[in-house]
Amino acid sequence: MRVLLIEDSAPIVRAIRQGLEEEGFAVDVAVDGEEGDVKARTTSYDVIVLDRMLPKLPDKEDGLSLLKRWRASGINTHVLVLTAKTSTTDKVAGLDTGADDYLSKPFEFSELLARIRALVRRGHQQKDPILRCYDLTIDTAARTVHRASQAVHLTPREYALLEFLAFHRGKVVTRSMIWEHLYDEYDENTSNVVDVYIRYLRNKIDKNFEPQLILTRWGEGYMLRGDDDPPAPKKL
Amino acid sequence: MRSIRQSLTLYLFVLLAATLGVVWVVLDQFTARILDARETADRDLIRTRHDARSREELARVDQTLLDQARLLGKIVQERERERFHTEWVRHSAALSVVPMTFGPIPFGTNPLGQLAWTATGNTLGTFPRFNPRLTQLLRIHFANLPIPDEYIQHFDDENRSVEYFQINTAAGRDWRSSSLGTRKLPFDPTELDGKPADPTKPSETVNVPDWKIGPAVIGPENENVRRVVYQMPHLSGTATFGRFWSRVPSGGGREERKEERPPPPGFSGSSRSLVGSWTSWALTGIGSPPPGLSSGSPPTPPPTPTLDSLPRLYIQCARPQAAIDAVLTRFAAERDQELTQLATEISEARYSVRVWAAAIALVAFLGVALGGPVLVSRGLRPVGKLSDAVSRVSERDFKLDHDGTDLAIELVPIHDRLVQTLDMLQRAFSREKQAVADISHELRTPIAALMATIDVTLRKPRTSEQYRATLEECRVISKQLGQLVERIMTLASLDAGNDRTMLSRTDVADLASGCVAVIRPLAAANSITVEVRADDPMELELDTDPGKLREVLMNLLHNAVEYNKPGGTIELRARRLPNSVVLEVQDTGIGMSAEVKDKIFERFYRADPSRHSTGVHAGLGLAIVREYVTRLEGTIVVESAPGSGSLFRVTLPAQPAASLTTDPADESLTTAM
């Protein structure tokens with residue numbers, strides 16, 4: 001999942017970035033309004049964490065002004081407003097402008113994380129924090145994966161890939177989609193790194209299990225097997 | 001708590017009462033004076049009229065008495081002359097022939113006149129002497145003076161019973177009217193005697209009127225009467241008789257003259273008068289010399305009598321004083337009645353004036369009682385409106401719900417002041433709110449950073465290097481937090497007035513170089529050069545608070561670094577002016593617009609709210625600078641334009657530098673010391 005963090009306080013950026021990356025998020029950072037605006041408009045993020053007080057904005061404007069413009073121009077990315085303004089009026093103003101969530105500083109990192117996860121789920125019309133696919137269960141809150149009641153240990157990157165596939169279960173996700181949502185702006189790996197991670201993932205969740213859940217659509221991309229997909233023929 | 005309405009109404013009543021009181025007093029005094037004047041005038045008029053009337057009545061009575069006396073006298077005289085003539089004829093045979101010395105005697109109708117001529121003709125130039133026979137005849141005639149009652153019969157009728165008549169003769173006989181009865185009018189012939197006005201001038205004669213009016217007392221009852229005594233010769237004189245009469249030395253005074261007035265008071269007290277003398281002479285006998293005709297002193301009797309010694313008749317007419325007094329009393333009663341009436345009228349007029357005044361006062365009081373509260377309410381209506389508007393002011397917007405257009409002119413200043421105050425309050429309130437929000441915001445951000453850092457670190461087991469890095473991070477954040485709190489506390493302390501300025505002799509040039517030395521590494525990190533240009537250090541000494549001044553300079557230099565372009569320069573200048581020291585910090589930074597320039601000294605304001613720069617001023621640096629400069633009684637101004645850098649100029653007051661007025665030798669001496 002790719003998150004844009006628009007925040008001008010360096011220590012906060014550093015901490016959140018580290019925390020989110022450790023949770024498997026791809027994190028892009030913008031330290032002022034200008035940069036944030038450009039990034040939000042050019043990249044499809046899963047969640048944008050937006051600070052209200054930002055430098056390099058026109059006079060009397062803040063993060064909410066950015067948000068308003070985005071919404072007006074049809075950008076429907078989930079936005080979590082993160083701000084030091086704590087009053088109810090500020091919260092109401094933020095939510096009414098088009099924010100999906102509102103978190104005031106200081107905050108606990110786990111709460112921020114949970115809210116971001118909730119926004120991600122909401123983005124895929126998924127209420128249940130546990131994603132299921134045949135005998136595969138993905139607990140998005142605990143970030144644990146079980147296949148046939150056996151715990152499967154994944155790296156954050158592998159987990160993120162699996163989660164992304166699970167959120168799009170039954171649909172083909174292209175490599176560029178994967179690339180776009182799982183890797184941040186500084187990743188300079190070529191696109192075949194996706195194939196590498198798919199192989200890692202298959203080794204961990206499909207190797208000794210049936211049916212194979214990660215399907216390859218040649219020429220298109222990959223997909224997690226949906227309920228409608230016929231099970232693969234048993235190996236001869 | 002007093003009600004304006006009640007107070008005003010009360011004041012209105014008090015004012016009305018005072019005014020009415022004054023008007024009452026003035027009116028009362030005025031009318032009293034007018035009425036008094038009128039009363040006095042009327043009273044005087046009535047008295048004068050009464051006096052005049054009484055006098056006229058008295059005069060009329062006197063005149064009546066005198067007229068009647070004269071009338072009676074005339075009648076008596078006529079009768080007497082007839083009688084004397086008869087007697088003359090009867091006695092003519094006994095008269096001797098009188099020698100005629102000059103001219104034919106014009107024997108006229110008056111035998112006595114003829115007799116007189118004969119008596120005086122022979123002794124021209126000498127005092128005449130009477131013929132003894134004639135004298136004899138006269139004595140007989142006068143001694144037997146019968147006055148028949150019928151002479152005056154017609155006076156003595158019932159109609160005039162209140163009047164008394166009495167005729168006295170020189171011979172002592174008298175006749176009294178029946179009204180007198182047995183009583184007598186007192187008679188003293190000397191009352192009508194003349195006497196010389198001045199004894200030392202015997203040649204002068206006195207004018208003795210032939211009548212006298214005065215009070216008298218009659219009878220055993222001592223009845224007071226008004227009486228006129230009229231004297232006249234027993235025998236009426238003809239023209240010739242009169243001429244003869246005039247040659248008598250005292251004759252001039254005997255001519256009848258009508259006297260309108262009663263005789264002067266001194267007359268009644270006359271002593272021995274000429275008439276009296278002659279009368280007594282006639283009574284006592286012709287042989288003795290007549291008195292008073294000599295040129296000597298009065299006691300010396302004249303040697304011989306004259307024809308003037310003819311006996312006289314005294315006619316008295318009297319009226320009872322009681323009758324006169326009755327009239328006068330009636331007059332007085334009428335006068336008193338008029339006076340009483342006048343007094344009644346006056347007091348009635350006074351009363352009616354008072355009643356009117358009271359009625360007017362009552363009406364006025366009623367008017368005020370009814371109209372006063374209405375008036376006051378009406379007058380207070382704008383105040384009520386304003387008060388309503390004030391009561392509707394809420395802390396949400398501090399807006400006065402009244403535009404002040406229909407306010408009374410007296411309330412406009414209050415309204416304006418109220419609006420100003422509310423405006424100030426609103427600004428202060430929102431500023432305060434903003435300050436609290438700003439402070440909390442500024443505090444929350446580093447705390448959030450701290451918490452996020454710690455949270456993220458604690459999520460997983462870390463290596464000791466990672467923990468160390470996290471702790472370093474936290475330390476930096478905490479330090480910034482501490483600085484921020486310090487600044488906020490500084491401002492709060494300045495606001496609370498707890499801060500005290502510690503003045504001491506400060507070398508500004510030294511202080512400036514110290515600040516530059518501190519800032520230089522930071523500037524060098526941004527490849528900015530810092531220069532100091534100061535005047536002679538001696539001239540830059542002044543009494544100030546070095547701590548505050550250092551803070552000011554450090555803040556300005558920090559800003560200059562923070563908002564400068566890479567590779568720019570900063571120049572710190574210190575100059576001496578006659579009455580001040582000027583410190584200027586010039587940078588080559590981004591500059592600022594006029595709009596920004598107005599706001600940079602406001603708290604939490606940032607020209608560019610970028611927080612990842614060098615400092616953590618949180619928009620408080622320049623606010624603190626301005627507070628400090630104000631405490632140091634200086635001023636701070638900024639000159640700037642976007643893109644062309646900024647110039648902050650601090651002007652601090654200073655005593656005129658000694659070096660500006662003294663020569664360098666003295667200065668060096670001072671420096672050495």
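The values are calculated or read from the model by the stated rules, or taken from the named source; none is laboratory data. This is a predicted model, so every value here is computed, not measured. A quick note on method: Cβ atoms are made from the backbone with ideal geometry, for glycine too, and the neighbour counts reach across all protein chains shown.
Below are the figures for this structure:
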read-out: Total residues in the stretch A:1-32, condition without any contact (Cβ under 8 Å) to a residue 40 or more places away in the chain and more than 10 Å from every other protein chain (Cβ to nearest Cβ); value: 2
read-out: Selection within the stretch B:468-498 - touching a helix residue (DSSP H, G or I) at 6+ places or on another chain (Cβ under 7 Å) and away from every other protein chain (no Cβ under 13 Å); value: B:Arg487, B:Ile488, B:Thr490, B:Leu491, B:Leu494
read-out: Out of B:Glu338, B:Glu334, B:Glu345, sole residue that is more than 40 Å from the chain's Cα centre (by Cα) and either among the charged types (D, E, K, R) or in a strand (DSSP E or B) (or both); value: B:Glu334
read-out: Residue in the stretch A:114-137 that is under 23 Å from B:Thr457 (Cα atoms), within 13 Å of another protein chain (Cβ to nearest Cβ) and surrounded by fewer than 20 Cβ atoms within 10 Å (Cβ to Cβ) present; value: yes
read-out: Spans of helices (runs of 4 or more DSSP H) in the stretch A:1-110 with at least 1 residues within 30 Å of A:His168 (Cβ to Cβ) and out of contact with any strand residue (DSSP E or B) (no Cβ under 9 Å at 6 or more places or on another chain); value: A:10-22, A:33-42, A:63-72
read-out: Residue within the stretch B:388-406 that is within 30 Å of B:Val217 (Cβ to Cβ) and either at pLDDT 80 or above or surrounded by 12 or more Cβ atoms within 10 Å (Cβ to Cβ) (or both) present; value: no
read-out: Of all residues in the stretch B:446-467 being more than 7 Å from every other protein chain (Cβ to nearest Cβ) and surrounded by fewer than 16 Cβ atoms within 10 Å (Cβ to Cβ), the one that is nearest to A:Gly19 (Cα to Cα); value: B:Leu458
read-out: Within the stretch A:112-220, helices (runs of 4 or more DSSP H) holding 2 or more residues that are under 18 Å from A:Val27 (Cα atoms) and touching a residue at least 12 places away in the same chain (Cβ under 8 Å); value: A:156-167, A:175-182
read-out: Qualifying residue in the stretch B:659-672 (condition: closer than 24 Å to B:Ala523 by Cβ and either modelled with pLDDT under 80 or of a type in the set (Phe, Trp, Tyr) (or both)); value: no
read-out: Scan of the stretch A:48-95 for residues that are within 12 Å of another protein chain (Cβ to nearest Cβ) and at pLDDT 90 or above, ordered by number; value: A:Val49
read-out: Conditions (1) part of a helix (DSSP H, G or I); (2) within 40 Å of the chain's Cα centre (by Cα); number of the one not met by B:Met424; value: (2)
read-out: First in the stretch A:74-101 and without any contact (Cβ under 8 Å) to a residue 24 or more places away in the chain, second anywhere and buried (at least 16 other Cβ atoms within 10 Å of the Cβ) and in a helix (DSSP H, G or I), Cβ under 7 Å, 6 or more apart; value: A:Asp100/A:Leu119; A:Asp101/A:Arg115; A:Asp101/A:Leu119
read-out: Residues that are away from chain B (no Cβ under 12 Å) and among the small types (Gly, Ala, Ser), drawn from the stretch A:33-47; value: A:Gly36, A:Ala40, A:Ser44
read-out: Answer from B:Asn555, B:Asn526, B:Asn559, B:Asn564 - the residue that is touching a residue at least 12 places away in the same chain (Cβ under 8 Å), touching a strand residue (DSSP E or B) at 6+ places or on another chain (Cβ under 6 Å) and not charged (D, E, K, R); value: B:Asn564
read-out: Helices (runs of 4 or more DSSP H) (entirely within the stretch B:496-611) containing at least 1 residues that are at pLDDT 85 or above; value: B:508-525, B:546-562
